[in-house]
Every structure is written in C-alpha cells, then in structure tokens.
Amino acid sequence: MRADRLVAALLLMQARGRITAAELATELEVSVATARRDLEALSTAGIPVYPQPGRHGGWQLVGGARTDLSGLSSAEARALFLLAGPASAASEEVRAAMRKLLRALPETYRGEAQVAAGAVVVDPAGWGESVRSQPPEVRVLQEAVVRRQRVRFRYKDAEREADPWGLIDKDAVWYLLAGTDRGQRTFRLDRIGDLTVTEETFDRPDDFTLATAWDRVVSAIEERRSRTWAVVLIPERFLWVLRDHFGRHCHPGGTEADGRVRVRVGAPTPRDIAQTLAGWGSIAEVQEPSSVRVELARIGSELTTLYP
C-alpha cells in the first residue's frame, strides 16, 4: 500500500537525516521512479521535505524537522519490543509495524530494541503436545469487534446473533464475549459454525471494559469448578506438584507434627478430586470429606480387582 511506503519514507528520513531515491527504493523494494514519486508526494502533501541536488544530495526534512511517531523512552521501547518481538514471528503485519517503529526510534535506542525483539521465543506447545492452531474465526471476529459489526453464527445447533464486544485467548483456547438479546454471553470459538458478519452496526456499552468483564466470567467459572473442597496431608517437598495439579484451587495451611503440610484443594465433584489424587498413592492422605475418601476407596478397589 502506498500509505505504508510514505510513512516508511518519512521514518527513514527522520532516522538518517537524508536519503536518496535509490536508497529508498532499495529499502522499500520498489523502483527508483516509484520512490521518487513517493518523495514528491510527501512534499506535495505539505510535509517539510525537500530535495538537495549534488553528489552528496538527497531528500531530507527541512531544518532537521522530526516527526516523532513513537514518543517512547528507552525503557519503554525495550519493553515494547520484548513483548511484541515473539508475536512478529506469526504475522507479516506485525513484522512490518515493528520495522516502521524501529525506524521511528532515536538511533541510540535502536540497538537495544533490535536485540529485545529477538530475545524471546514463545513455544505455545506443552511437552508432548502439538501446537493448537488459531481458529479461522479469530481474524474475522477481530475485524467485526473493531468495526462494531453484528455477527450471526451457529452455536450448539442453534442460530445466534450477537454484538462482538471482545476476544479472549485463554491458554490457546479462544472465546468471544458478546452482547445478545439475553445480555452478555461467552462463546467458545471452536464451537462456532457458519459465522457471518452482517452490515448492521452496534454501540458497545459505555461502561464496558473487556478485562473487567472477563474477570467476572473467570470468577464465575472458577467458582463452579471448585464446588467440592478436600483437606489433604502431603510432604512439603511435593507441595509444588499439588499446586500444579489444582492451580488456584490449592491453598496450603499449617504444618503437622510429622512435617506434612495441610492443604485445601478444590474441584467440581468428589470424583474429580479423587481421580487427581489416586495416582499419588499413600503420599497424599485425604482427611476430609468422606465423599472423597469413598471415591478413592472405589478407585483402589477397581484397580486391585483389575490387577490382582
């Protein structure tokens, strides 16, 4: 797009002070004639650029004028490139934006920013797992969210119509937070089918913020996920493993006389807790409730029957 080239040309002049049409053509991978027309277009549009003839001539901003499109401090630039660098590997649009932003930075910032951009690699697959591909609906819904366009889709064999308010990527599982005729609803993207973006537009509630709304959704779901609680005694050295299994539903308490730690763990049902702890054998002792102890005894009985 020509607009992209014009911005890039302006940033290059800011970064280098002076640039020739040939240098610009090399940077933007266009012909010298196209680069010259772009530079002339900037001047015609009122941007204070002018050509300087001669052997060491070129185009530059009048009086050393600067168009600071970043306004970032060195620490802010470094933080931004550390965050955005990994994302650029998946998107040509992000890579292009990063290149333009890098040119806009003061020269003293660029070295650290470039190093920061390549300092982190994000591997989204867990050990022994494959990478979850992004649902194709993500890009379509991102546009609909930005443009405030209503969408229609099939969800759980029912036709739905909704105002897309925002998207959430939770551990590579995507959700749509939307307004419907029944109020705010959450939809899992891999269960959406026949997605259509309509020409109808909508207004998002003035007091809506996606982060706050999602926090409320998470709190409600996590409450349902921890309707049953159990007290477990385990050696302290295994506490980190229990935390890994139960996440936010693991709350260490006091230490027993024998050195074991008393821990409260939560899950939707007694069976869920028992199934998680069954592989621990005698390492984890459930003190209460009896419903979890009964489930563990049942699992143990089944296993001894199957493997006498």
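The values are calculated or read from the model by the stated rules, or taken from the named source; none is laboratory data. Note that the structure is a prediction, hence the values are computed from the model and not measured. Cβ: placed from backbone, ideal geometry, glycine included. Neighbour counts: every protein chain shown. Just so you know, the surface numbers come from the protein's heavy atoms only, side chains and all, with ligands and any DNA or RNA stripped out. Shrake-Rupley method; radii C 1.70, N 1.55, O 1.52, S 1.80 Å.
In the range 186-228 the Cα-Cα distances spread across 10 Å bins starting at 0 as 19, 32, 38, 10, 2 percent of all pairs.
To the nearest 10 degrees, how steeply does helix 2-16 sit against the main Cα axis of the chain, on a 0 to 90 scale? With rounding to tens, the tilt is 80 degrees.
Taking the square roots of five times each eigenvalue of the Cα gyration tensor of the range 103-193, the equivalent ellipsoid has semi-axes of 35, 20, 9 Å, listed largest first. Whenever you get a sec, compute what percent of the accessible area on the chain sits on carbon and sulfur atoms (1.4 Å probe). C and S atoms contribute 51 percent here.
Shown here are the Rg and Dmax of the Cα trace of the range 105-254, at 20.7, 61 Å. Taking amide hydrogens as placed 1.01 Å from N in the peptide plane, the amide H of residue 20 sits under 5 Å from those of 59, each at least 5 positions away in sequence or on another chain. Taking R0 as 30 Å, what FRET efficiency do you get between residue 303 and residue 134 from their Cβ-Cβ distance, rounded to the nearest 0.05? E between residue 303 and residue 134, to the nearest 0.05, is 0.15.
Would you mind checking the tilt of helix 92-104 against the longest principal axis of the Cα atoms of the chain, expressed as 0 to 90 degrees and rounded to 10? Helix 92-104 sits roughly 60 degrees off the main axis of the chain.
In this entry, the range 254-308 is assigned a mean projected area of 4.3 nm², taken as a quarter of its C-alpha convex hull surface. In a GNM of the chain with a 10 Å cut-off on Cα contacts, which of 167, 176, 277 has the highest mean-square fluctuation? Taking springs between Cα atoms under 10 Å, the residue moving most is 277. Only alpha carbons enter this Debye calculation for the chain, each as an equal point scatterer, and the log10 of I(q)/I(0) it gives at q = 0.06, 0.12, 0.16 Å⁻¹ is -0.40, -1.03, -1.24. Computed extension gain for residue 223 through residue 170, at 0.36 nm per residue and net of the alpha carbon distance, reaches 17.4 nm. A 1.4 Å probe run over the chain, with the rest of the protein chains in place, finds 62 Å² accessible per residue.
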